[in-house]
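Below is one structure, written out as structure tokens; the observations come after it.
The values are calculated or read from the model by the stated rules, or taken from the named source; none is laboratory data. Values in this document were obtained by computation on a predicted structure and should not be read as measured data. Here the Cβ is made from the backbone with ideal geometry for all residues, glycine too, and neighbour counts use every protein chain on show. All accessible areas refer to the heavy atoms of the entire protein, side chains included, with ligands and DNA or RNA removed. Shrake-Rupley method; radii C 1.70, N 1.55, O 1.52, S 1.80 Å.
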Number of protein chains: 2
Amino acid sequence: MSDRKTGKGATTMAKTEFVIKPGVQEITLIREFDAPRNLVFKVMMDPNTIPKWWGPRAYWTKVDKMDARSGGSWRFIHGDNKGNEYGFHGVYHLVEPNRVIQTFEFEGVPGRPSLETMTLEDIGGRTRMVTHSVFLSLEDRDGVVQSGMQTGAEETHDRLAELVAERLKDRH
Amino acid sequence: MSDRKTGKGATTMAKTEFVIKPGVQEITLIREFDAPRNLVFKVMMDPNTIPKWWGPRAYWTKVDKMDARSGGSWRFIHGDNKGNEYGFHGVYHLVEPNRVIQTFEFEGVPGRPSLETMTLEDIGGRTRMVTHSVFLSLEDRDGVVQSGMQTGAEETHDRLAELVAERLKDRH
């Protein structure tokens with residue numbers, strides 16, 4: 001928690017907090033954004049903005065499908081400049097304002113999805129995003145942690161924070 | 001395991017085995033059927049047969065929606081003769097022959113789905129069904145166990161076994 005902002009008006013980028021407990025097949029990510037949650041939600045759920053923030057900076061991202069409603073499906077592809085491509089897909093169990101419950105499968109490990117609940121909480125005009133993932137097994141969870149998920153997630157959140165900050169500036 | 005059949009040609013109904021480990025947010029159900037898995041799968045995935053086996057005998061069951069393909073949705077309602085109705089719904093992450101991965105939500109506890117993987121294994125012409133559910137938390141898992149899920153699941157499996165046996169007889 002040491003690198004998260006506590007004061008108002010701080011300009012440094014807040015970082016992502018990871019909750020990864022031994023023996024529990026879950027990962028929880030917590031990140032705060034300097035913007036109202038309706039804006040964060042709007043940016044996150046717009047297929048046109050996904051390529052601008054989803055995934056690490058070193059990869060391009062393409063939206064193959066994003067039908068962001070309860071019962072819809074999504075599929076994103078990202079890749080590097082060496083021709084490697086990685087697919088991810090899932091279904092939306094629930095999409096409502098500021099909350100999404102979806103499955104998440106990395107196609108490199110087929111048939112082993114996780115179930116992800118993303119919630120945006122209003123914290124006095126700012127936003128706390130909590131992303132909770134539960135895995136089919138502890139081994140699956142540990143595999144994701146060992147794959148370097150944390151670096152990728154933090155970079156993704158940094159990119160989202162930058163994009164949200166731009167949109168907020170455009171509003172003023 | 002004591003009440004499961006081991007010999008060939010046994011005629012008593014095999015029972016459901018439950019794997020519920022302390023501290024692990026999962027439930028695994030194992031049940032064997034005296035029929036080939038393509039028949040078991042066909043019966044399970046047919047919306048017209050759902051009312052004949054899904055849920056305990058004391059309830060009627062209605063299929064509100066069952067689009068049984070990867071990316072489709074389902075919703076079933078069951079009720080008693082006193083006017084009580086209970087809804088269940090989810091999305092199909094994966095539907096392929098003899099394997100289904102789906103979300104499962106009891107609408108009485110909204111926003112707390114589980115992720116369920118159902119697999120039919122061929123065991124020498126008979127079928128072993130393994131249903132693995134992972135929950136958002138250990139508390140959710142324990143709540144489902146305390147709700148009497150085991151009695152309901154066993155009765156559901158008994159009804160499915162009876163239905164499959166009927167269909168098998170019709171084939172001969």
Which three lengths, in whole Å and largest first, does the range A:43-96 cover when its Cα atoms are put on their principal axes?
37, 19, 13
Quick one: which of B:52/B:82; B:15/B:169; A:21/B:21; B:62/B:169; A:21/A:52; B:42/B:82 span more than 28 angstrom between C-alpha atoms?
A:21/A:52; B:42/B:82
Shielding by other protein chains, B:155-168, mean Cβ within 10 Å
0
Over the range A:13-172, relative contact order from alpha-carbon pairs under 8 Å, at least 6 apart, %
27
Where nothing but the Cβ of Lys and Arg (+1) and of Asp and Glu (-1) is charged, how large is the charge dipole of the protein assembly as shown around its Cα centre, in debye to the nearest 20?
340
Among beta bridges assigned by DSSP with both residues in the range B:58-172, the antiparallel ones amount in percent, to the nearest 5, to 100
Expected output is a single nm value to one decimal: the length gained when fully extending between residue B:138 and residue B:172, i.e. 0.36 nm times separation in residues minus the C-alpha distance. What is it?
7.6 nm
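Partner chain Cβ atoms within 10 Å, averaged over the residues of B:17-30 - can you pull that number for me? If you can, show how the numbers build up before the last one.
Values: counts 0, 0, 0, 0, 0, 0, 2, 5, 6, 5, 0, 0, 0, 0.
Whole-number average of other-chain Cβ neighbours for B:17-30 is 1.
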Along the dipole axis of the range A:1-145 (charges at Cβ: +1 for Lys and Arg, -1 for Asp and Glu; origin at the Cα centre), the most positive-end residue among A:92, A:29, A:137 is A:29
Does a label point 7 Å from the Cα of residue B:150, set along Cα-to-beta-carbon, have any residues of the range B:109-138 with amide nitrogen under 19 Å, and which are they?
B:130-135, B:138
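Looking at the range B:79-164, which GluC sites (Glu not before Pro) are in a loop (DSSP not H, G, I, E or B) and have at most 14 other Cβ atoms within 10 Å?
Listed in order of number, the matching sites are B:107.
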Please give the average number of partner chain Cβ atoms lying within 10 Å of the Cβ of each residue in B:87-93, rounded to a whole number.
5
Let me cross-check residue A:42: its accessible surface, 1.4 Å probe, with only protein heavy atoms counted, in Å² to the nearest 10?
140
Per DSSP H run of at least 4 residues, take -39500 (n - 2.57); add these up for the protein assembly as shown, divide by its residues and hand me the 222 nm value, nearest 500 deg cm²/dmol.
-7500 deg cm²/dmol
What FRET efficiency comes out for residue B:96 versus residue B:52 if R0 is 25 angstrom and r is the Cβ-Cβ distance? Round to the nearest 0.05.
0.55
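Let's see if you can work this out: charge +1 on each Lys and Arg Cβ, -1 on each Asp and Glu Cβ, no other charges. What is the dipole magnitude of the range B:1-156 about its Cα centre, in debye to the nearest 20?
That gives a dipole near 480 debye.
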Go ahead and run the numbers for FRET between residue B:17 and residue A:128, Cβ-Cβ distance against an R0 of 35 Å, rounding to 0.05.
0.25
